[in-house]
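See structure below.
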Amino acid sequence: MNIENYAHLFDSSDISNQTKWKDILIKQLEDIFAKPSHGHFKQWLNTVEQLARFETEHCQFDKPIVEIGLPQQINKDEEIVIQQLLKTLQPWRKGPFNFFGVHIDSEWRCDKKWQRVQSVLPTLEDKKILVVGCGNGYYMLRMLGAEANKVIGVDPTLMFLAQYTALTQAISNKLDCYLLPITLEQLPTQLNQFDIVFSMGVLYHRRDPLEHLKQLYTHTIEGGKLILETLIINDSKTYQLIPEDRYAGMRNVWNIPSPSLLESWLSQCGYQNIQLQNIQTTEFEEQRATEWTKNYSLKNFLDPDDLSKTIEGYPAPTRAIFSAEKY
C-alpha cells in the first residue's frame, strides 16, 4: 500500500500522455503515504502486509458476491488467520466479498444497489470509467466484471484503501483498476477522458452540489454519460431539505433535493437527456449491522414508532439513480 501500487497506472497512456496529471498525482500520493491523515494507518498497513502472502489467480467479479481466492487454496489455520486479519479492518461498510472462503458480510448489500444501477447502464465493455465516492472498491470490481476497460476510483478514506488493497493484492493478474485516496477536487480540472462517470452517494455531502456536478461534467468525454446515485426527497415539488444538524444519524449531510430540483441542477451544468431511472426507499435487508460492522445501522436511525421518518423527524432515506449525457 504505497506509491509502487500505481506504477502500472503511471505507465499507461491515460496518465503518461498527461504529464501534468502524472506529476500532480505522484506528489499527492507521496504526501499521503508519507504523512497519512489517520492515526491507524500503520496498523492497517501491517494487516495488508500480513495478508500479502496469500495469492490466487481466481477472481470473480460478475456475481453479487465479489470472490477472490478459493477455500481449497488455504488450510483451516490460514482461514482463521485471514478472518482475524480482515476483522482488524472493520467496519466493512461495502460488499459483500468472499476472500479464500471467508465471507465478509458488509453493512451494505451493495449488490442490490448495483443491480439497480446496472439495469439502466449502457454496456461497460471497453469503457474507461471514473467512480467518485468509490468506497472500498466493490462497485469498481463489479464494473470490471462487466468488462470495463479501465476503472479509476477516488475516495480519500484510507480505511477503504486498506480494505481494497488487502483483497486485490492477492490477485496475481494485474487489474486495470485503481483506487486513488484523493477527492474529486484534487483531480486536475477538465480531464475530459472518461466514457462514464459515476457519483455514488456523494452529492448530499457537498456544500455546493452544483459545483460537484460541474466537476463531474468536466471529466466526461463528449458523448459520455453520468450515472448519479444520491439521496432525494421523494416529492413532486421543486425544493431541497437542508438538515439542521444530522440526517439519519449522519453528519455532513448538507442538502437533499427533490427529483425536479436535481434535474434542474443537472440541466444548469450542461447535461442533456436527463432521466430519473430509479427511486428506492432504503430497506433493512439492504443496510443492516453485521458481525463485520459496528452495532449501529439503518434501524437505529429511524423512528421506531414511524419507520417513514428518521430519528430527527425527516423523511426516511430514499435514494435515486439519474442518468445524464454530455454533448
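Figures for the structure shown
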| read-out | value |
| --- | --- |
| Entries of LYS113/LYS299; LYS20/LYS214; LYS42/LYS113; LYS22/LYS127 with Cα pairs more than 30 Å apart | LYS42/LYS113 |
| Charge-dipole axis of the chain as Lys and Arg at +1 and Asp and Glu at -1 on Cβ define it, positive-most pick from TRP254, HIS8, LEU89 | TRP254 |
| Relative contact order (%) - region 152-260, alpha-carbon pairs under 8 angstrom, separation at least six | 23 |
| Where the chain is the region considered: accessible area per residue in Å², 1.4 Å probe | 45 |
| Relative contact order of the chain, pairs being alpha-carbon contacts under 8 Å that are 6 or more residues apart, as % | 16 |
| Cα gyration tensor shape of region 157-222, rounded if a/c is under 1.5, else prolate or oblate by comparing a/b with b/c | oblate |
| Dipole of the chain, positive end: most advanced residue of VAL48, VAL66, PRO315 [Cβ charges, Cα centre] | PRO315 |
| Fraction of beta bridges assigned by DSSP in the chain that are antiparallel (%, nearest 5) | 55 |
| Cα centre as origin, Lys/Arg/Asp/Glu Cβ charges: region 192-327 dipole, Debye | 280 |
| Region 1-99: relative contact order as a whole-number percent, Cα under 8 Å and 6+ apart | 24 |
| Assigned charges on the beta-carbon of Lys, Arg, Asp, Glu; region 66-115 dipole about Cα centre (debye) | 320 |
| Region 1-126 - percent of accessible surface contributed by carbon and sulfur, probe 1.4 Å | 46 |
| Peptides ranked, highest mean first, by Cβ atoms within 10 Å: ranges 311-324, 40-53 | 311-324, 40-53 |
| Spatially proximal lysines relative to LYS76 (Cα-Cα < 24 Å; intrachain offsets below 8 disregarded) | LYS87 |
| Extension gain (nm, one decimal) between GLN186 and PHE10, 0.36 nm per residue minus Cα-Cα | 61.7 nm |
| Förster radius 22 Å - calculated FRET efficiency between TRP21 and ASN173 (Cβ-Cβ, nearest 0.05) | 0.30 |
| Only Lys, Arg (+1) and Asp, Glu (-1) charged, at Cβ; the chain dipole about Cα centre in debye | 380 |
| Förster radius 25 Å - calculated FRET efficiency between ARG251 and GLU291, Cβ distance, rounded to 0.05 | 0.50 |
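The values are calculated or read from the model by the stated rules, or taken from the named source; none is laboratory data. What you see is a predicted model, and the numbers here were worked out from it, not measured in a lab. Here Cβ is always computed from backbone atoms with ideal geometry, including for glycine, and neighbour counts include all displayed protein chains. Areas reflect the complete protein model, heavy atoms only, side chains present, ligands, DNA and RNA absent. Shrake-Rupley method; radii C 1.70, N 1.55, O 1.52, S 1.80 Å.
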